[in-house]
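To keep things clear, I will list the structure first and then write my remarks on it.
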Amino acid sequence: MISIQVLFFASAREAAGDISKKCIELTPDEANTSSLRRLLALEYPGLASMVKDEENLTLALNEEYVTRGQVLALKDGDTIALIPPISGG
Amino acid sequence: MISIQVLFFASAREAAGDISKKCIELTPDEANTSSLRRLLALEYPGLASMVKDEENLTLALNEEYVTRGQVLALKDGDTIALIPPISGG
Amino acid sequence: MSHSLLSPPSTSFKSNERYFIRVSEQLPSLEECSQFVSDASCGAIATFAGTTRDNFQGKKVTQLSYEGYVPMAEKELRGICDDACEKFSGIHKIAAVHILGDCPVGFPSVILACSSPHRRESIHCVEYLIDALKARVPIWKRECYEGDNGSVWKENIE
Amino acid sequence: MSHSLLSPPSTSFKSNERYFIRVSEQLPSLEECSQFVSDASCGAIATFAGTTRDNFQGKKVTQLSYEGYVPMAEKELRGICDDACEKFSGIHKIAAVHILGDCPVGFPSVILACSSPHRRESIHCVEYLIDALKARVPIWKRECYEGDNGSVWKENIE
């Protein structure tokens, strides 16, 4: 098992029930961004439609955006942030 | 005779011997911008080459630029400014 | 902090750093950002400030409230500054600061400033910076409306 | 004049006038120009400041000294603002101020600021304003060099 940290922001944070941060354990089989999206959808039903939709929610792995369509391996200690459409400025 | 006011700025002011302002009398025949340039060249030899060259010195009549090539009539009480190449900013 | 009418380039806000990046609840002032980028070798300073508007599609806006992924937002801002300096070779210094938390109507939420020897590059750079900020920096704004009209998370569309 | 870190739109420098035009020995500050144009209906403020550079073609510049045909310069600035508002329909307010007399290295000689509901127009407007100012406004600068290198009247070429 590996342990990663998940950060929730803005509408994703609210959809998950106002959770900002969660430590999640993954089996070696689940240790990638695609499986993580599925697990988060199961754990947070309110977040499901958002987290399964790459158009709607981008991931950042250790403060780097994950390109749409890309599936990245996760390792122990990684930080994943859930990034809904941004609106800075 | 009509009487106009001539204002000298920057390099034109210095070329005329550091004169900023001068009242000039014109006969009805001389009452236009083209004759004024000739008269100023005679009166201020240091200014002559500059004031005869429309490329180098623009006139403003009552705070409006005189378009290159244009000869405007002057009337009593008019103000003409000698505008060397500008360099604001 | 006190400014005379004719503000000299202050030494109090000088720095050897090329960038002044900050995402925080305390937004530096326009004057501080401008002073940071000002330099004797530069003849041009361009700035852009985004401020809270009082209306959106006919609804009266009372304030915006900002949330950010701070370390990544500052990292992205730094990346945008690097890209800008590569794109506009004359750029000397850049300030890029963004507020977090509440931003009432009329207050600035973002300030960008840059300096260059000549004017064209600073002006174009500031436009590049705000476009890139809106496209890349993980910050979110919630728009709050008057009365019972609630609030919504906005989305930069452009 | 004192500014908090988070500067609100000051009421002290507000005006019902659309333009703030000044050509004088006392240059208003960037903050004052920005405050003049700021408005609750506007989400964008762009500014440009031209400052005295310390060098020109390898010669060390000590200061610039400005002379202006003041009433006509202010009239031309007003004309430029009118043209800008016609060209960029979203522009709300404009400040356009220029110094006269000496302007030491690092000090601003000209400040332009404008506001609009959205960002694009303010940024493009500020570029239009400085280009037009350099082309039309009857102001002259003498560049003074270090040591025995004298001074020359400059000419805007662009």
- Please label the shape of the range D:71-129 as rounded, prolate or oblate, based on the square roots a ≥ b ≥ c of the eigenvalues of the alpha-carbon gyration tensor (a/c under 1.5 means rounded; beyond that, a/b larger than b/c means prolate, else oblate). oblate
- Note on the structure: Inter-part gap, Cα centre of the range D:31-54 to Cα centre of the range B:17-56, in whole angstrom, is 41
- For the residue pair B:E30 and C:E25, what label-to-label distance in nm results when each label sits 7 Å from Cα along the Cα-to-beta-carbon direction? 7.7
- Quick one: if the Förster radius is 60 Å, what FRET efficiency do A:L42 and D:Q57 give, using the C-beta to C-beta distance and rounding to 0.05? 0.30
- Query: Which of C:G43, C:G106, C:G58 moves the most in a Gaussian network model of chain C with Cα springs under 10 Å?
  - Reply: C:G58
- At most 15 other Cβ within 10 Å, DSSP loop - trypsin sites (Lys or Arg not before Pro), the range A:15-55: A:K52
- Query: Of B:D78, B:D29, B:D53, which is the most mobile in a GNM of chain B whose springs link Cα atoms less than 10 angstrom apart?
  - Reply: B:D29
- In whole percent, the fraction of accessible protein surface over the protein assembly as shown that belongs to carbon or sulfur atoms, probe radius 1.4 Å, stands at 49
- With everything on Cα atoms, drop me the angle between helix A:33-43 and the longest principal axis of chain A, reported from 0 to 90° to the nearest 10. 70
- Item | Assigned charges on the beta-carbon of Lys, Arg, Asp, Glu; the range A:4-83 dipole about Cα centre (debye) | 80
- Å² of accessible area per residue within chain B, as computed with a 1.4 Å probe and no ligands counted: 48
- Dipole of the range D:28-82, Cα-centred, from +1 at each Lys and Arg C-beta and -1 at each Asp and Glu C-beta, to the nearest 20 debye? 360
- Estimate for me the total accessible surface buried between chains D and C (protein heavy atoms, probe 1.4 Å, no ligands or nucleic acids), in Å² to the nearest 100. 4200
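Rounded, prolate or oblate for chain C? Axes are the square roots of the Cα gyration tensor eigenvalues, ordered a ≥ b ≥ c, and the cut-off for rounded is a/c under 1.5.
Working: a/c = 2.11, a/b = 1.65, b/c = 1.28.
Note, shape of chain C comes out prolate.
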- Item | Long-range amide H partners of D:D102 with built H, under 5 Å | D:Y66
- Where in the range A:5-84 are there GluC sites (Glu not before Pro) that are in a DSSP coil and have at most 14 other Cβ atoms within 10 angstrom of their Cβ? A:E55
- Query: In terms of Cα to Cα distance under 28 Å, which lysines are near enough to A:K21, apart from those fewer than 8 places away along the same chain?
  - Reply: A:K52, A:K75, C:K75, C:K134, C:K141, C:K154
- Just check the range A:4-83 against the gyration tensor rule for me: Cα atoms, a ≥ b ≥ c as the square roots of the eigenvalues, rounded for a/c under 1.5, and otherwise prolate or oblate depending on whether a/b exceeds b/c. rounded
- Task: Calculate the spin-label point distance for D:E155 paired with B:M1, positioning each point 7 Å from the Cα along the beta-carbon direction, and give it in nanometres.
- Result: 3.6
- Hey, can you list the residues from the range C:133-158 whose accessible area shrinks by 50 Å² or more with all protein chains present, relative to the chain by itself (probe 1.4 Å, no ligands or nucleic acids)? C:W140, C:W153
- Please give the total accessible area that chains D and A bury against each other, computed with a 1.4 Å probe and expressed in Å² to the nearest 100. 0
- Task: Select from D:Q35, D:Q57, D:Q26 the residue whose mean-square fluctuation is largest in a Gaussian network model of chain D (Cα-Cα springs shorter than 10 Å).
- Result: D:Q57
- Got the relative contact order for chain C handy, in percent, Cα pairs under 8 Å and 6 or more residues apart? 31
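The values are calculated or read from the model by the stated rules, or taken from the named source; none is laboratory data. Bear in mind that the values here come from a model prediction, so they are computed numbers and not experimental data. Note: ideal-geometry Cβ built from the backbone for every residue, glycine included; neighbour counts use all protein chains shown. When the accessible area is computed, the model is the full protein with side chains, heavy atoms only, and any ligands, DNA or RNA have been set aside. Shrake-Rupley method; radii C 1.70, N 1.55, O 1.52, S 1.80 Å.
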